[in-house]
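Input: a single structure, listed below in structure tokens.
Every number here is computed from the coordinates shown, using simple stated rules; none is lab data. Worth saying up front: this structure is predicted, and the values here are computed from it rather than measured. So basically every Cβ, Gly included, is an ideal-geometry build from the backbone, and we count neighbours across all protein chains shown.
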Amino acid sequence: MVLIDGKATAAQIKAEIKEEVDRIVSNGGKRPHLAAILVGHDGGSETYVKNKVLACEACGFQSTLIRFEDDITEEALLAEVDRLNCDESVDGFIVQLPLPKHISEQKVIEAIDYRKDVDGFHPINVGRMAIGLPCYVSATPKGILELLRRYNVPTSGRKCVILGRSNIVGKPMAQLMMQKQYGDSTVTVCHSRSATLKKECQEADIIIAAIGKPGFLTADMVKPGAAIIDVGTTRVPDPSRKSGFRLSGDVDFEHVAPLCSFITPVPGGVGPMTICMLMQNTLSAAKKEFYR
Ligand code: GUN
């Protein structure tokens, strides 16, 4: 069994990005600049955004954090999005989700200039990804593809089961795993209503679990030799931790790991890769790799 080390892979990719940025800047080019909008004080969002700013520093990027209280109006937030769309010093930006209930997330996402949408959430990027055109691919599926590639996990012609159908993981993951230029796999998407979920998993060569149910994927559901990617990051209470919680994956790691060819741990698997893929997208934005 190979334990896929997302933390080490992410550190290596960030070092590769830093090297490229140093080269660009020493040749007189512009330092990549990521801006992030954070609304309110949600604990998870605070942590994510803080880590995004730290990752920018590690990559040699400029970063700007823009904070609003959670009573900001939708109109004011849309105006800020428009300001960033027009700010030529900003290569890419994100609006951290979730947003307060009185603000339409979809409206905000669609207000972002798709050329600066380094989260890859705008329908233009989602659509281009679905038909295999150059675009910003959202960070979690992109990070999983990168782990599969760097660890030489065989995917071409293999059966891949995806657990979960969310817009930010399950759906894009399915689109990418089926495409010849990425996974080239035979893809099945299962969700909470799938009658044959257990059987599908038992037949899978690769399982990507993204349903947010701690320990859901158990050893009896896994074919010996399968590769397992765990996207779950549910916070479960843990009084022994300073934070009061720990992260729990969707996989019963203790019993599944001995069966597998490859497996990602939680934490330290997919999680660290996501922020690093946001950095890659920001570098692509600065280089105008996809759009002029
Ligand atoms: N909230 C949870 N994950 C993400 C993400 O990847 N991007 C943004 N903008 N918000 C999130």
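Side notes on the structure shown:
- Whole-number Å³ per residue for the convex hull built on Cα positions in the chain: 135 Å³
- Helix-derived mean residue ellipticity, 222 nm - over the chain, DSSP H n ≥ 4, -39500 (n - 2.57), to 500: -12000 deg cm²/dmol
- Between G44, G92, G164, the Gaussian network model of the chain with springs among Cα atoms under 10 angstrom shows the greatest mean-square fluctuation at G44.
- Remark on the range 204-253: hydrodynamic radius 11.6 angstrom, per the Kirkwood mean of 1/r across alpha carbon pairs.
- Trypsin sites (Lys or Arg not before Pro) restricted to the range 70-142 and DSSP loop, no more than 16 other C-beta within 10 Å: K101
- The range 1-105: C-alpha gyration tensor shape, a/c 1.5 cut-off, then a/b vs b/c: oblate
- Positive end of the dipole of the range 59-127 (Cβ unit charges, origin at the Cα centre): among C86, G120, L99, the Cα lying farthest that way belongs to G120.
- Electrostatic dipole magnitude of the range 13-57 [Cβ: Lys, Arg +1; Asp, Glu -1; Cα centre; debye, to 20]: 140 debye
- Assigned charges on the beta-carbon of Lys, Arg, Asp, Glu; the chain dipole about Cα centre (debye): 680 debye
- DSSP assigns beta bridges within the chain; of those with both partners inside it, close to 10 percent run antiparallel.
- Charge tally for P265 (other residues, Cβ to Cβ under 15 Å; Lys, Arg +1; Asp, Glu -1): -3.
- Most simply put, the range 132-282 has about 20% antiparallel DSSP beta bridges, counting only bridges with both residues inside it.
- Pairs from the table (K180/K288; K30/K288; K116/K288; K14/K287; K116/K142; K107/K213) lying more than 20 angstrom apart at Cα are K180/K288; K107/K213.
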